[in-house]
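One structure is given below, encoded as structure tokens.
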Amino acid sequence: MRFGSIVLFVALCSFTAYYIYEPIPEEIEERWKLMLTNTFFRSLSHLADLSELLGLKGYMGVMYFITLAERVVPVSDEHVKVTEEKFDGVEVVVYQSKQRGDDSELRRAIIYLHGGGWCLGSVRMLPYDLIARKMVTELDAVVLLVEYRLAPAHHFPVPYDDVYRAVKHFLQKGVLAQYSVGPGRVAVSGDSAGGNLAAAVSQQLQKEPGQQVQLKAQALIYPVLQALDMNTPSYQQNQDMPILPRTLMVRFWSEYFTTDKAFFRSMLANTHNNPESSSLLKFANWSAFLPETYHRKYNYSAPAVVQGAGGQAVGMEGPSRSLSDPRASPLLVPDAALRGLPKAYILTCEYDVLRDDGIMYVTRLRAAGVEVTHEHYDTGFHGGLMFTVWPADFQIARRMTDNFLKWLKENL
């Protein structure tokens, strides 16, 4: 009996170690901590797949538990005043200092847009609450977090429209004055899908007729910027990396556009492009816009073009049309649309499927004459900025945060 218990214990330990272990590159710091952290995400993803297969709850409905697990109630403390507002009907949470100091000096403001693949996430999550407070205390900034509506309940362009309306409302001179913000000291920022929204809003504001106040800067943290090529070198290199494997990123894209599972399968196969979207592949051509060091030898073939692919789109804003919409894929605009954009900070990570999206945007912005600070983390992984809370607290997250805030301080 005792021997059987030992065998069972050893077997259980072996199975646990086998499940936790992943072939993560040696270069990544705190590898085992990342493996342990990803076990939670991977297990939840398996549960979500099973739930959807059994018809119990959709995949993203189960994955939303990540958002709930990190949920907090944003409240004021001795240094920071927190208020919940509505800007043009959109929920926002505003953080500002209680120590006003010299009111004659107008403050910085950062509009921050959370990540989560347009399907998950909330401004009422602990990592976003913490970074907002840090911006207030270290930068004397007013911080605006936008609670945009999420897919799949609200497909593109609803999340984008929510963000754009909130940003436009905040950039009114009267509203800026209400918060003692300088009209020339406003930045928009976001991580992952939030970086996508920040880039898209920056482009659209520049085209807006009669827009009196423009953004001073855009700070994009491992942004997702194009939906045409799901087979770039970074998608191949990092297809099984923790936190954001290729399959999950493709699922986020497809859920953003439609509930049609056929579209998800075509995106996975990289056969989702139609004639209109394929004409824009030149703007996401990694062989032209990625430095040679990232090319390497990949099993690459150009995305297939299928007449009518995505034709099962729902309504006028279905996936066929959305694929080529720059509000969804900011990388797809011509060079002329990039000129005159606000200065940019772009953070990319080596072990991230979205690495190439960010680097291509760096290349194209610089070619268009935009001032760009590119911070690339050779040992970084997707989502790193948010891992600052025990037990998932990573040293690289601290460095990312410090460098990001340093840039904002120097450029706003």
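The values are calculated or read from the model by the stated rules, or taken from the named source; none is laboratory data. These figures come from a predicted structure and were not determined experimentally. Cβ sites come from the backbone with ideal geometry, for glycine too, and all protein chains shown count toward neighbours. The accessibility values were calculated without ligands, DNA or RNA, using every heavy atom of the protein model including side chains. Shrake-Rupley method; radii C 1.70, N 1.55, O 1.52, S 1.80 Å.
A few points about this structure:
- Evaluation of Leu139 against (1) over 27 Å from Met63 (Cα atoms); (2) in contact with a Phe, Trp or Tyr (Cβ under 6 Å, 6 or more places away or on another chain) (one fails), failing number: (2)
- Test: residue in the stretch 198-214 that is of a type in the set (A, V, I, L, M, F, W, C), under 23 Å from His154 (Cα atoms) and modelled with pLDDT under 95: no
- Considering residues of the stretch 75-95 that are touching a residue at least 60 places away in the same chain (Cβ under 8 Å) and assigned to a loop (DSSP other than H, G, I, E, B) only, the residue nearest to Val167 (Cα to Cα): Asp88
- In the condition set (1) at negative phi; (2) touching a helix residue (DSSP H, G or I) at 6+ places or on another chain (Cβ under 7 Å), Arg296 is compliant with all but (1).
- Screening Pro159 against (1) closer than 24 Å to Tyr345 by Cβ; (2) surrounded by fewer than 16 Cβ atoms within 10 Å (Cβ to Cβ) leaves a single unmet condition, (2).
- Of the criteria (1) in contact with a strand residue (DSSP E or B) (Cβ under 7 Å, 6 or more places away or on another chain); (2) under 14 Å from Ala328 (Cα atoms), which one Leu280 fails: (1)
- Test: residue in the stretch 49-67 that is in contact (Cβ under 8 Å) with a residue 12 or more places away in the chain, of a type in the set (S, T, N, Q) and more than 12 Å from Pro242 (Cα to Cα): yes
- Residues satisfying the stated conditions in the stretch 122-150, i.e. acidic (Asp, Glu) and touching a Lys or Arg at 6+ places or on another chain (Cβ under 7 Å): Asp140
- The stretch 109-225 holds helices (runs of 4 or more DSSP H) entirely within its bounds, and those carrying 2 or more residues that are closer than 27 Å to Ile359 by Cα and β-branched (Val, Ile, Thr) map to 158-170.
- Selection from the stretch 358-412 of residues that are touching a residue at least 60 places away in the same chain (Cβ under 8 Å) and among the basic types (Lys, Arg): Arg364, Lys409
- When the criteria are applied in full, Leu228 meets the requirement of being open to solvent by less than 20 Å² (accessible area, probe 1.4 Å), part of a loop (DSSP other than H, G, I, E, B) and touching a residue at least 24 places away in the same chain (Cβ under 8 Å).
- Count - residues of the stretch 43-59 that are in a helix (DSSP H, G or I) and either open to solvent by 70 Å² or more (accessible area, probe 1.4 Å) or touching a strand residue (DSSP E or B) at 6+ places or on another chain (Cβ under 9 Å) (or both): 4
- Across the stretch 28-39, the number of residues qualifying as under 16 Å from Asp240 (Cβ atoms) and part of a loop (DSSP other than H, G, I, E, B) comes to 1.
The rows are residues; the columns are (1) polar (S, T, N, Q); (2) in contact with a helix residue (DSSP H, G or I) (Cβ under 9 Å, 6 or more places away or on another chain); (3) within 15 Å of Ala199 (Cβ to Cβ); (4) open to solvent by less than 10 Å² (accessible area, probe 1.4 Å).
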{"residue": "Ala344", "(1), (2), (3), (4)": "no, yes, yes, yes"}
{"residue": "Arg364", "(1), (2), (3), (4)": "no, yes, yes, yes"}
{"residue": "His374", "(1), (2), (3), (4)": "no, yes, yes, no"}
{"residue": "Trp390", "(1), (2), (3), (4)": "no, no, no, no"}
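- Here Gly383 clears all of (1) crowded, with 18+ Cβ neighbours inside 10 Å; (2) on the phi < 0 side of the Ramachandran plot except the condition numbered (2).
- Test set (1) open to solvent by 10 Å² or more (accessible area, probe 1.4 Å); (2) farther than 16 Å from Trp118 by Cβ; (3) at pLDDT 95 or above; (4) not basic (Lys, Arg) - Leu248 fails condition number: (2)
- Which listed residue is open to solvent by 10 Å² or more (accessible area, probe 1.4 Å) and under 22 Å from the mean Cα position of the chain (by Cα), from Leu220, Leu205, Leu144, Leu150: Leu150
Condition check ((1) modelled with pLDDT under 95; (2) surrounded by 11 or more Cβ atoms within 10 Å (Cβ to Cβ); (3) within 21 Å of the chain's Cα centre (by Cα)) across all residues:
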| position | (1), (2), (3) |
| --- | --- |
| Ala11 | yes, no, no |
| Ile24 | yes, yes, no |
| Glu30 | yes, yes, no |
| Met63 | no, yes, yes |
| Lys81 | no, yes, no |
| Lys86 | no, yes, no |
| Val94 | no, yes, yes |
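- Within the stretch 67-79, the set of residues being in contact with a helix residue (DSSP H, G or I) (Cβ under 7 Å, 6 or more places away or on another chain) and either open to solvent by less than 70 Å² (accessible area, probe 1.4 Å) or of a type in the set (A, V, I, L, M) (or both) comprises Glu70, Val72, Pro74.
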